[in-house]
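The values are calculated or read from the model by the stated rules, or taken from the named source; none is laboratory data. These figures come from a predicted structure and were not determined experimentally. Quick reminder, even Gly has a Cβ in these numbers, built from the backbone with ideal geometry, and neighbours come from all protein chains shown. Only protein heavy atoms, including side chains, enter the accessible area calculation; ligands, DNA and RNA are left aside. Shrake-Rupley method; radii C 1.70, N 1.55, O 1.52, S 1.80 Å.
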Amino acid sequence: MVDDDFMNNSHAHPSAPDEFYMELALAEAKGAAAKGEVPVGAVVVWQQEVIGRGCNRREERQNALCHAEVLAIEAASSRLQSWRLTDCDIYVTLEPCIMCVGAILQARMRRLVFGCLDPKAGAVESLYRLCDDERLNHRLPATGGVMATDCAFLLADFFRRLRHQKNHVQTAERWPSPVEGA
């Protein structure tokens, strides 16, 4: 028998592991990839219920602020009618950037869980350590590496396909040079 709540992807057993919510974030990321967006997904959880979801939508909206984390926080704040998300956890497939960690900190979230590291823009472990910076007025515990292999594979596969597509388009649209007999 299939649990309806699991099918709706909105509730979990109170003792559900981080992997359950990361699977939901991965589903959001896969949705972004299907739309040609960088596959990053996020979910915000409050009392074992997903109250905010987001995936990258920068290309669709042509807006640099449309990162998965920001959109998930926006949805959660709307649901709770508060910018303070002090009892909420956020699950993200990729280590958040400076902007997104800033948003998470400003929302006063209880906990951050992320999948794979982002060596080019990560602001939790890779480039910066903003979650535990003592100069800031809010800090939060962060757990990285949850389903990191799955998260990293999704990103690597997306960029591999993108490179292949760009190479294929360049080859197909290329005019022959005079040397080639144009």
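Structure data summary
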| item | result |
| --- | --- |
| Spans of helices (runs of 4 or more DSSP H) in the range 18-100 with at least 3 residues surrounded by fewer than 24 Cβ atoms within 10 Å (Cβ to Cβ) and of a type in the set (Gly, Ala, Ser) | 18-34, 68-80 |
| Given (1) open to solvent by 40 Å² or more (accessible area, probe 1.4 Å); (2) closer than 24 Å to Lys35 by Cβ, number of the condition Tyr128 does not satisfy | (2) |
| Pairs, first of a type in the set (Gly, Ala, Ser) in the range 60-72, second assigned to a helix (DSSP H, G or I), C-beta under 7 Å, six or more apart | Ala64/Arg58; Ala68/Glu28 |
| Per-region count, the range 134-156, residues open to solvent by 40 Å² or more (accessible area, probe 1.4 Å), touching a residue at least 60 places away in the same chain (Cβ under 8 Å) and in a helix (DSSP H, G or I) | 1 |
| Top-ranked residue of the range 110-125 - restricted to ones that are among the basic types (Lys, Arg) and outside any strand (DSSP E or B), ranked as least open to solvent (accessible area, probe 1.4 Å) | Arg110 |
| Residues within the range 134-153 that are closer than 17 Å to Lys120 by Cα and hydrophobic (A, V, I, L, M, F, W, C), tallied | 4 |
| Every residue from the range 20-59 that is at pLDDT below 95 and under 10 Å from Tyr91 (Cα atoms) | none |
| Filter pass, Thr93 being among the hydroxyl-bearing types (Ser, Thr, Tyr), farther than 26 Å from Ala64 by Cβ, within 20 Å of the chain's Cα centre (by Cα) and modelled with pLDDT of 95 or more | no |
